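The values are calculated or read from the model by the stated rules, or taken from the named source; none is laboratory data. Since the model is a prediction, treat every value here as computed from it, not as a measurement. Neighbour counts run over all protein chains shown; Cβ positions are idealised from the backbone, glycine included. The accessibility values were calculated without ligands, DNA or RNA, using every heavy atom of the protein model including side chains. Shrake-Rupley method; radii C 1.70, N 1.55, O 1.52, S 1.80 Å.
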Number of protein chains: 2
Amino acid sequence: MSLHAASLTAESDCHTVAAAVGVPVPVLRDERNGDTVVRFVPKYADEALDVRIRWAVRGAAFAPVIIVQGGISADRRTVRDADGAGWWEALAGPGKAIDTDRFRVLSIDWLERSDLGDALAVSTTDQADALAALLTGLDIGCVHAFVGASYGAMVGLAFAARHPKRTRRLVAIAGAHRAHPLSIAIRNLQREIVRLGDRLGDTAAGLDLARRLAMTTYRSALEFSERCADAPVFDADDDHHHFAEEEWLKAAGASFVQRFSAARFLALSESIDLHGVRPEDVRVPTTLIGITSDRVVPLADLCDLQRRCGAAAELHVIDSRYGHDAFLKEASQIGALLVEALDHQGT
Amino acid sequence: MSLHAASLTAESDCHTVAAAVGVPVPVLRDERNGDTVVRFVPKYADEALDVRIRWAVRGAAFAPVIIVQGGISADRRTVRDADGAGWWEALAGPGKAIDTDRFRVLSIDWLERSDLGDALAVSTTDQADALAALLTGLDIGCVHAFVGASYGAMVGLAFAARHPKRTRRLVAIAGAHRAHPLSIAIRNLQREIVRLGDRLGDTAAGLDLARRLAMTTYRSALEFSERCADAPVFDADDDHHHFAEEEWLKAAGASFVQRFSAARFLALSESIDLHGVRPEDVRVPTTLIGITSDRVVPLADLCDLQRRCGAAAELHVIDSRYGHDAFLKEASQIGALLVEALDHQGT
């Protein structure tokens, strides 16, 4: 093992890494990707199952752990690493708001329905139970914080409600105790579009349109106004006009189809809609972050959650032209709030 | 012809109807359905065409005429008649806000692209030019008012900009000088869904889903919250959960497929997105009515329109839980504003 890139593998133990004498001491890193099998009873199954969880740890060896989970299309690569960009690298990494020189970031790939045997769906409580079981498997008693955004915030709330002793704080960004009924209606249509394509023999085309529809809910009306100034153009080949709005969304749909399966999309989209946590059951100090222009998670639901929360909860609201996606785009505003929340108990 | 149901046919002339002696004089009615061929150059065509317009008149014979036009799914039956309900009978009819004992309501079936020969699209200016040509054909110089809602409001604005001498006032409800880019994006997806179904062999299924998607934009978040309290139910036959939101939208989609063709939907939906009128060109006194919860036509656009309007324009804003569809649902609030607007010049 090289001392200068002192990375730990899943098989190694960070306690075995020692500094060399006479050379600058590198910061010891705990940089592992691992698979761990845990056992729990999924919400929509009858009995306990062995479930394989793919996880990643990135940060300073021995440092306090922060669970970081994003939206349904995020994966365990939260921080940039040698293999590529992390989905939240603007906010998590060395010297960032979630500072991997001070903390270790632990993230998992979301479970999908096929990971749960015959379960009829995958729930946010399943993801939360899997994370709690993983902590046990990794011999981590209690994490410094659970930071979740979008679907990750829903899972964080389920985690705080079911495993309150396993985290000191919850930071929930752009996610609430329920899915809003209007958002459910629109996600249901996204799934119906995928199923229509699937039934008629072009699943990818369905998934593409479903993702485009999702994009219309993720971004703000203002951003659409600013981006889409070009006049429509008639195309004789397909005999209709094309609009600037379409071109933008088309690119988003095409890229999604390359990296996401329809089955995974259906399972995780439905998981959002099945989500429900009683705010009163959340008995962990909580920082909520909402976005004024978020049409997926309306502020009213976050206000309701804050008021009813079973522990001290504060709600911060940021202004953004990015709608729900502000959790990915507003690194500076979100970062400042994260630093404050993570320093809450002193570290 | 019965005196008590003294209706005029398109072929008759209202001047020939006389009151009988010795019996109560019935209000003379002008109740005609007609087809008239007019000639104009459609915006997306190269030359003048003969275009057949299907129209209806309902009201007191000789009374001032009010053009009344609704959304893309409305037709010329605005007022209830012997054949069935009118799409706006809550607001137009004997003794209603648009009082057919005092006025005559003139409405047309929207032109669709197939009515315009080889034109590449049907525009709001085409509908406006068709209405102006129809007035000439019916020997009506200037109408008392043009009352348009939704797509009808867009056509009303085009009419006021192009034919300002043909109406004394414009009342535009839930429609602006442009389609909002976010709304364009979502309507574009509706059309893509129809085309997906069409390409894969089930146009009706595509049209159904497109209409469901449209419904999510027509109604308010609050109404979804209030209507959709039932818990989701797993259906083993199709192997996924069903949500209350879906059941409501499903009914709306199914009923639309029964009464609307895909071609008509594609043409009129695109027509909305191609719409554009310079507010400065609207040189007719105008009453604008907006709805706080309308996500299809945001209030900001109506404020912009009011400020830039080429003639005196007032903007009224009503509060409603029905979103864009408030123009169909809030008869009492809209009715009061209509009465005020129609009495503006005294009649």
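Structure data summary
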| read-out | value |
| --- | --- |
| Number of the exception - A:THR125 against (1) away from every other protein chain (no Cβ under 14 Å); (2) farther than 12 Å from A:LEU274 by Cβ; (3) of a type outside the set (A, V, I, L, M); (4) over 12 Å from the mean Cα position of the chain (by Cα) | (2) |
| Every pair of residues 6+ apart whose Cβ atoms lie under 8 Å, when the first sits in the range B:310-323 and is touching a residue at least 40 places away in the same chain (Cβ under 8 Å) and under 20 Å from B:MET215 (Cβ atoms) while the second is among the aliphatic types (A, V, I, L, M) and crowded, with 18+ Cβ neighbours inside 10 Å | B:SER320/B:ILE291; B:SER320/B:ALA326; B:TYR322/B:ILE291; B:TYR322/B:LEU328; B:GLY323/B:ILE291; B:GLY323/B:VAL296 |
| Checklist (1) more than 26 Å from B:ALA267 (Cβ to Cβ); (2) at pLDDT 95 or above; (3) exposed (fewer than 15 other Cβ atoms within 10 Å of the Cβ) applied to B:ASP35, failing item | (1) |
| Subset tally (residues that are of a type in the set (A, V, I, L, M) and surrounded by 18 or more Cβ atoms within 10 Å (Cβ to Cβ)) for the range A:216-227 | 1 |
| B:ILE98, sole failed condition from (1) touching a strand residue (DSSP E or B) at 6+ places or on another chain (Cβ under 8 Å); (2) under 30 Å from A:PHE243 (Cβ atoms); (3) not charged (D, E, K, R) | (2) |
| Verdict on A:ASP75 being farther than 22 Å from A:ASP139 by Cβ, modelled with pLDDT under 95 and acidic (Asp, Glu) | no |
| Residue in the range A:314-329 that is closer than 30 Å to B:HIS242 by Cβ and out of contact with any helix residue (DSSP H, G or I) (no Cβ under 7 Å at 6 or more places or on another chain) present | no |
| Number of positions in the range B:90-110 that are more than 13 Å from B:GLU270 (Cβ to Cβ) and either within 14 Å of chain A (Cβ to nearest Cβ) or not small (Gly, Ala, Ser) (or both) | 14 |
| Flag for A:VAL155 being under 21 Å from A:ASN33 (Cβ atoms) and part of a helix (DSSP H, G or I) | yes |
| Residues that are within 30 Å of the chain's Cα centre (by Cα) and not in a helix (DSSP H, G or I), drawn from the range B:211-254 | B:ARG219, B:SER220, B:CYS228 |
| Contacts under 6 angstrom Cβ, first residue in the range B:50-79 being free of Cβ contacts under 8 Å to residues at least 60 places away in the same chain, partner aliphatic (A, V, I, L, M) and open to solvent by 10 Å² or more (accessible area, probe 1.4 Å), 6 or more apart | B:ASP50/B:VAL37; B:ARG58/B:VAL79; B:ALA60/B:VAL27; B:ALA61/B:LEU28 |
| Every residue from the range B:267-319 that is of a type in the set (D, E, K, R) and over 14 Å from B:MET154 (Cα atoms) | B:GLU280, B:ARG283, B:ASP294, B:ARG295, B:ASP304, B:ARG307, B:ARG308, B:GLU314, B:ASP319 |
| Filtered residue count, the range A:303-333, keeping only those that are farther than 29 Å from B:SER293 by Cβ and either within 14 Å of another protein chain (Cβ to nearest Cβ) or open to solvent by less than 20 Å² (accessible area, probe 1.4 Å) (or both) | 0 |
| Residue under evaluation A:ASP230, criteria (1) open to solvent by less than 40 Å² (accessible area, probe 1.4 Å); (2) more than 9 Å from chain B (Cβ to nearest Cβ), criterion not met | (1) |
| Condition check for A:PHE260: away from chain B (no Cβ under 11 Å), touching an Asp or Glu at 6+ places or on another chain (Cβ under 9 Å) and open to solvent by less than 40 Å² (accessible area, probe 1.4 Å) | no |
| Qualifying positions in the range A:91-108 - surrounded by fewer than 18 Cβ atoms within 10 Å (Cβ to Cβ) and touching a residue at least 12 places away in the same chain (Cβ under 8 Å) | A:ASP101, A:ARG102 |
| Residues of the range B:282-302 that turn out to be open to solvent by 10 Å² or more (accessible area, probe 1.4 Å) and away from chain A (no Cβ under 14 Å), as a count | 3 |
| When residues of the range B:188-206 are limited to those that are more than 7 Å from chain A (Cβ to nearest Cβ) and among the charged types (D, E, K, R), the one least open to solvent (accessible area, probe 1.4 Å) | B:ARG191 |
| Candidate set: the range A:240-253, residues that are open to solvent by less than 50 Å² (accessible area, probe 1.4 Å) and among the small types (Gly, Ala, Ser); chosen: the one nearest to the other protein chains (Cβ to nearest Cβ) | A:ALA244 |
| From the options B:ALA185, B:ALA132, residue that is more than 14 Å from every other protein chain (Cβ to nearest Cβ) and not in a loop (DSSP other than H, G, I, E, B) | B:ALA132 |
| Residues located in the range B:281-330, provided they are hydrophobic (A, V, I, L, M, F, W, C) and under 15 Å from B:GLY71 (Cβ atoms) | B:ILE289, B:ILE291, B:VAL296, B:VAL297, B:ALA326, B:PHE327, B:LEU328 |
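Let's see how each residue does on (1) in contact (Cβ under 8 Å) with a residue 24 or more places away in the chain; (2) in contact with an Asp or Glu (Cβ under 9 Å, 6 or more places away or on another chain); (3) under 15 Å from A:ALA341 (Cα atoms); (4) open to solvent by less than 10 Å² (accessible area, probe 1.4 Å):
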position	(1), (2), (3), (4)
A:ALA145	yes, no, yes, yes
A:ARG166	yes, no, no, no
A:ALA172	yes, no, yes, yes
A:PRO181	no, yes, no, yes
